[in-house]
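Derivation of every value follows stated rules applied to the coordinates shown; laboratory data play no part. As the structure is a computational prediction, the values presented were derived from the model and not from experiment. Virtual Cβ from ideal backbone geometry, glycine too; neighbours counted across all protein chains shown.
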Amino acid sequence: MIRVRRPVAGDFAPATHSSLASQHATATNFTRNDPRIESAWNNFIRTVAGQDVRRVLTTTAHTKCVFCERVNPRSVDHYYPKSRYPKRMFRLSNLLVCCWDCNTAKGSRFPHLNRRPVLIDPVRDDPAEFFEWDLATGNVFAVNDPARTPRAEFTRDQLRLNAQSLPDQRREKVVLLRAVFNLIVREPVLRPRTREAAELMLRPESEYLGIVRFWLRNLNAEDQALYDAARARLPEIDTWVEQWL
């Protein structure tokens, strides 16, 4: 998980704002678990305005799930679940893009602690303040901070961020990136495909940058020397990472 930029009003077509306002006016009459909620949302998301919302949210999330960072998110999700908070259903500030697995895992469970949501919102919150990674396993775990640990643990467990193949894929990302840095440093003449591999792994659209950021911010002496040498050989690295590091 990595922080995501909030879209601004100008990112959306004017007609989209009009449609959202109209839908919001209708949704204010819905009660919790109202049977009309699901159809109202499904009908909207199929419209031109709904597709504009999906497009903008996907673009600002760099075509990744905002929770697990897998590419090609399929769902426009509601941070505050629409079944429990229908009056927030058409607010842009409540909308995120995520993959089907995270959308399903998130569900409608939405506890509060000290009057604020427990689930981490990657738009409002900076996940780097809540999570650390085990580079040897790829597992994500909560920081040791009483103010943040409960939210981090709930988010990790609710979204199943250590389930299935995710840890292995995150671990492999760091292994491969370290190998690419070694190639950058050691190749007598830097090959185009090596440069391309580095760009693909470091640009904002790349998967699993959360663990990469943690690694690059906590390098040991050997890896720091490698990273510095790679940046000296390929200065574009700094451009690729500046949006998220």
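Converting phi to 3J(HN,Hα) with the Karplus coefficients 6.51, -1.76 and 1.60 and the offset θ = phi - 60°, segment 79-93 yields 4, 7, x, 5, 5, 9, 10, x, 6, 9, 4, 10, 8, 4, 5 Hz in sequence order, with x at every glycine or proline. Annotation: the residues 131, 12, sorted from fewest to most other C-beta atoms within 10 Å of their own C-beta, follow the order 12, 131. Neighbour counts of C-beta atoms inside 10 Å place 112, 62, 17 in the sequence 112, 17, 62, starting with the fewest.
The count of lysine pairs in the chain that are at least 8 places apart or cross chains, and whose C-alpha atoms lie under 22 Å apart, stands at 5.
Ranking of 87, 64 by neighbouring Cβ atoms within 10 Å, starting from the fewest: 87, 64.
Give me the net charge of residue 222's neighbourhood, meaning all other residues with Cβ under 14 Å from the Cβ of residue 222; Lys, Arg count +1, Asp, Glu -1. So the surrounding residues net to -1. Listed peptides 204-214, 162-172, 50-60, 186-196 appear in the order 204-214, 50-60, 162-172, 186-196 once ranked by packing, highest mean of other Cβ atoms within 10 Å at the front.
Relative to the longest principal axis of the chain, what angle (0 to 90°, nearest 10) does the C-alpha long axis of helix 48-60 take? Approximately 30 degrees, to the nearest ten. Principal-axis analysis of the Cα atoms of the chain puts helix 149-159 at an angle of about 80° to the longest axis.
Packing-based ranking of 216-227, 134-145 yields 134-145, 216-227, ordered from highest to lowest mean Cβ neighbour count within 10 Å.
Here is how the number arises for the chain: DSSP H runs of 4 or more residues each give -39500 (n - 2.57), the sum is divided by the residue count, and the result at 222 nm is -14000 deg cm²/dmol.
Computed from Cα atoms, the angle from the helix 166-186 axis to the main principal axis of the chain rounds to 40 degrees.
Given the C-alpha centroids of segment 51-86 and segment 178-225, what is the distance between them in whole angstrom? Centre-to-centre distance over Cα atoms comes out at 28 Å. The distance separating the Cα centre of segment 97-121 from that of segment 3-50 comes to 19 Å.
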